[in-house]
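The values are calculated or read from the model by the stated rules, or taken from the named source; none is laboratory data. This is a predicted model, so every value here is computed, not measured. Please note: Cβ atoms are built from the backbone with ideal geometry, for glycine as well, and neighbour counts cover all protein chains shown.
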Amino acid sequence: MFRRGTLSNALPVILLLSALTFCSVFPVSSQSVAQGVTGPDTVDVVLIYSHGCVACERARPVTAQALSYLNNSSSIKVNYVEYIDNSREGLEYFERYHLKGVPSMIINGNTVVGPDEFGGDSGVAYNLILQKIRDASDYTVPVIIDRTMVRDPSNATLINVANMIRNEGNESVFLSFSDGEDNGINVTSGNAKWEGTIPAGGSVSLAYNATVSGLDRTQSPKISYMDSGGAHVVLLPEDMVPGSYSFDLLTLLIAGLVAGFNPCIIAILIFIAAEVASATGNKLDIILNVAVFCLGILAVYLVIGAGLFEAVSIIPSIAGYLEYAVIGILLALATYAFYNAYQRYTGKAVGSATRGLIASVKPLYTKYRLAGSFLLGGLFGMIKMPCAGGIYLAILSKIILSKEILEGVVYLLVFDIGVILPVLALGLLLALGFGTERMEKLRAQHAVLLHALNGAILALLAAAFVLNII
């Protein structure tokens with residue numbers, strides 16, 4: 001039984017911590033708009049130029065003059081940036097918008113002003129820039145793309161891609177469409193490329209079959225069109241190749257169990273058990289505090305997972321960089337774990353981040369044990385996150401690219417349960433009478449083995465991620 005008042009005191013703390021966790025992951029936003037008052041239209045303008053380019057040297061001051069006029073004498077607010085053509089950003093814009101030369105201006109991510117339109121008289125270029133930006137401030141892209149990709153059930157290497165292109169504007173557009181150009185994709189039949197006019201309210205259906213080799217996602221199609229407002233580009237996100245990701249729930253649970261192993265956690269659980277036992281002597285109190293400690297770990301995993309989800313959703317290309325970062329962190333931590341094991345084996349003194357973590361939380365813990373347990377879990381989760389990051393990124397990639405959000409959330413939940421099960425098991429052992437001194441003695445006796453095993457697990461996780469096993 002809980003000591004009288006323990007449960008009633010615990011519930012508000014648990015509810016508060018859970019609410020804070022929920023709000024941090026799923027923030028509630030509110031917007032207020034003053035009636036009858038509208039803010040200025042915002043237009044994003046990017047100019048790509050080159051040093052030594054005569055037309056660029058003329059275009060830059062003309063552009064600055066036009067933007068200054070708009071910002072000072074109209075309701076249009078312009079966010080302006082320049083990139084050199086051979087810079088990383090400039091090269092990305094050339095590839096993404098299929099630019100033909102410099103100077104080139106991209107307005108609101110869809111309207112392209114090419115070098116031919118900048119040439120000639122500065123006054124003409126000035127008026128052109130003003131008109132293009134004014135048009136872009138209330139321009140709605142008329143071209144809508146519905147795209148589906150499915151794997152052929154009779155051939156695992158074959159995918160069927162269907163693109164429905166609709167013109168929802170009030171004028172005809174001349175459109176150019178090109179798809180299936182990734183290395184590793186071989187179009188076997190159908191139409192992956194098309195060029196022609198789509199009347200207002202009209203549509204074009206394009207479908208093709210292709211074999212896929214060594215790809216888990218495809219580049220977006222190259223889509224550009226012309227209307228009375230000039231040249232425009234339609235950007236689509238990368239597509240996941242169907243069937244590229246598949247997770248078995250038992251495998252995920254085992255992966256979570258492996259990722260949840262850490263010798264440092266024993267010291268924290270011993271601290272929690274000793275503090276609670278000396279304060280209340282109640283075994284169920286120990287279980288409650290260990291459970292809240294696990295809640296802290298889950299909260300951090302949830303927040304970091306949601307943060308990665310949001311980041312990769314906004315900028316899909318960073319997923320690749322995150323993968324390399326996780327592999328590097330895993331290898332660094334594995335090296336440190338092996339070094340730690342070697343130091344202990346040779347009898348040299350080893351500093352302990354865990355002891356420092358416990359010492360920093362102890363003043364709070366003596367007054368607010370549940371809050372202290374949650375904080376310890378959260379801090380420990382931050383330290384432990386790189387070990388699980390590879391699996392997390394793999395699951396998040398499935399959620400983002402396949403849009404199977406519910407399935408992805410189930411995967412994350414199963415993995416998280418695997419992470420905390422070893423913690424709960426150790427906490428239960430302590431609560432059922434496995435003495436803290438005895439556990440500490442066992443930890444000290446097998447410290448070398450535990451740290452070496454931890455290093456091996458981290459190294460194996462890194463290798464598995466490199467080999468696309470997880």
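Note on segment 348-378: residues that are modelled with pLDDT of 80 or more and either among the hydroxyl-bearing types (Ser, Thr, Tyr) or surrounded by fewer than 14 Cβ atoms within 10 Å (Cβ to Cβ) (or both) total 1.
This table checks each residue for (1) modelled with pLDDT of 70 or more; (2) closer than 21 Å to Lys362 by Cα; (3) in the same structural domain as Leu429 (by TED's automatic domain parsing).
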position: Leu249; (1), (2), (3): yes, no, yes
position: Phe261; (1), (2), (3): no, no, yes
position: Ile270; (1), (2), (3): yes, yes, yes
position: Ala277; (1), (2), (3): no, yes, yes
position: Gly296; (1), (2), (3): yes, yes, yes
position: Ile304; (1), (2), (3): yes, no, yes
position: Val312; (1), (2), (3): no, no, yes
position: Tyr321; (1), (2), (3): no, no, yes
position: Ala325; (1), (2), (3): yes, no, yes
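All conditions in (1) surrounded by fewer than 19 Cβ atoms within 10 Å (Cβ to Cβ); (2) touching a helix residue (DSSP H, G or I) at 6+ places or on another chain (Cβ under 9 Å) hold for Ile133, with the sole exception of (1).
The combined condition, being closer than 19 Å to His232 by Cα and either touching a residue at least 40 places away in the same chain (Cβ under 8 Å) or of a type outside the set (S, T, N, Q) (or both), is not fulfilled by Val124.
Condition (residue is over 23 Å from Leu288 (Cα atoms), surrounded by fewer than 17 Cβ atoms within 10 Å (Cβ to Cβ) and at pLDDT below 75) applied to segment 409-428: is it met by at least one residue? So far as segment 409-428 goes, yes, one or more of its residues are over 23 Å from Leu288 (Cα atoms), surrounded by fewer than 17 Cβ atoms within 10 Å (Cβ to Cβ) and at pLDDT below 75. Cβ separations smaller than 7 Å between residues 6+ apart or across chains give the following pairs from segment 151-173 residues that are in contact (Cβ under 8 Å) with a residue 60 or more places away in the chain to residues that are assigned to a loop (DSSP other than H, G, I, E, B): Arg151/Pro242; Arg151/Gly243; Ile159/Asp152; Ile159/Val241; Ile159/Pro242.
Of all residues in segment 71-109, those satisfying the criterion of being in a strand (DSSP E or B) and out of contact with any Pro (no Cβ under 8 Å at 6 or more places or on another chain) are Val78, Asn79, Tyr80, Val81, Glu82, Tyr83, Ile84, Met105, Ile106, Ile107. Sort out which residues of segment 442-455 are under 27 Å from the mean Cα position of the chain (by Cα) and either exposed (fewer than 14 other Cβ atoms within 10 Å of the Cβ) or farther than 13 Å from Tyr336 by Cβ (or both), and write them in order of number. Residues satisfying the conditions do not exist here.
Entry remark, segment 439-448: residues being among the aliphatic types (A, V, I, L, M) and free of Cβ contacts under 8 Å to residues at least 24 places away in the same chain number 2 in total. Just wondering, is there one or more residues in segment 115-127 that are closer than 16 Å to Asp44 by Cα, in a helix (DSSP H, G or I), touching a helix residue (DSSP H, G or I) at 6+ places or on another chain (Cβ under 7 Å) and assigned by TED's automatic domain parsing to the domain that holds Arg60? No, segment 115-127 contains no residue that is closer than 16 Å to Asp44 by Cα, in a helix (DSSP H, G or I), touching a helix residue (DSSP H, G or I) at 6+ places or on another chain (Cβ under 7 Å) and assigned by TED's automatic domain parsing to the domain that holds Arg60.
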